[in-house]
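Below is one structure, written out as structure tokens; the observations come after it.
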Amino acid sequence: MGMAVSTGGDGRSRPVAAWWRSRYGAQMLIEIGIVAALLMTYRTIRTSNKTDLRAAFANARDIIRFESWLGLPFEDDLQAFLLDHPALIKLLNHYYVWFHFPAAIGLLLWLYLWHSERYRGFRNLMAFSTFTGLIIHLLFPLAPPRMMDGFVDTMARWGPVIYPENPLDGAANQIAAMPSLHFAWAMIVAIAVISVLDSSWRWLILVHPTLMTLSIIATANHWWIDAAAAGVLVVAGIGLWRMANSWIGDRTWSWTSMRFQDDDGIRRLEDLANEPQPQYDRAEIRRR
């Protein structure tokens with residue numbers, strides 16, 4: 001009976017231990033912690049530097065002048081056209097709110113659960129684009145079009161209302177228009193789906209960044225150049241990631257040695273350490 005109880009206990013513990021060592025156990029909990037920490041840091045930084053309204057409006061006027069110099073100041077014309085279609089505006093309002101975080105989190109879950117070999121690269125790309133964008137938010141506060149004359153705050157008029165009327169109230173940083181992280185994340189989602197899947201249906205994901213671009217401009221939450229800057233960040237992140245991979249190669253980072261180590265070299269050292277050592281006759285050695 002004692003052996004039966006002991007064996008039963010071992011039998012129950014083995015699946016738990018196997019689960020804990022698998023990528024659905026400790027590794028998944030670590031990834032959830034990393035993503036949660038990134039989101040908390042994102043929200044914390046987003047609340048910083050939200051009171052520098054003078055610089056934000058001055059930078060907005062510079063953006064208008066720059067777009068005019070390019071001959072592409074079309075945000076007001078696009079919004080004026082869409083204002084004649086309230087149903088479409090309401091749809092874009094909700095798209096702006098409900099397809100930002102959910103789509104990004106859904107992408108990370110999908111990659112981790114079904115395409116784990118591609119997960120880390122896109123997680124790092126999203127983190128790079130986000131935190132580089134947050135640094136720009138701190139250094140370059142920018143008022144969105146809805147705060148300027150000639151534009152309509154469509155979310156304040158038709159809902160859902162997510163920003164208080166006074167930009168100094170609430171937790172959100174309302175003068176963090178450049179770059180548009182809404183577009184950056186939508187672009188990363190599209191790149192991930194297109195690069196991971198083989199089906200020709202994968203190109204339908206391009207609807208997501210297209211609608212997100214339309215929503216950030218139609219709702220007057222971003223200038224078009226905010227989306228362009230976000231696209232540059234994403235492309236730069238991909239380029240840096242490829243450069244890093246070409247340099248690192250098949251080496252892995254060792255926290256004990258604080259340097260990259262070659263996997264083949266580590267395996268050779270392990271094989272050498274595990275080789276049976278020759279046995280010497282001590283009496284024979286003394287005679288010699």
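Miscellaneous remarks
- Summed side-chain charge close to ILE188 - residues other than ILE188 whose Cβ falls under 13 Å, Lys, Arg +1, Asp, Glu -1: +2
- The accessible surface of the range 69-170, taken with every protein chain in place and a 1.4 Å probe, is 65 percent carbon and sulfur.
- Positive dipole terminus of the range 85-240, leading residue within TRP203, LEU233, ALA143 (C-beta point charges): TRP203
- Note that the range 51-192 presents 49 Å² accessible area per residue, ligands and nucleic acids not counted, probe 1.4 Å.
- Amide H contacts of ALA176 (H built 1.01 Å from N, under 5 Å, at least 5 apart or other chain): LEU142
- At an R0 of 51 angstrom, the distance between the Cβ atoms of ASN245 and ARG157 translates into a FRET efficiency of 0.60.
The values are calculated or read from the model by the stated rules, or taken from the named source; none is laboratory data. Remember, it's a predicted structure, so these values are computed and weren't measured experimentally. Backbone-built Cβ (ideal geometry, glycine too); neighbour counts: all protein chains shown. Please note that ligands, DNA and RNA were not included when accessible areas were found on the heavy atoms of the full protein model with its side chains. Shrake-Rupley method; radii C 1.70, N 1.55, O 1.52, S 1.80 Å.
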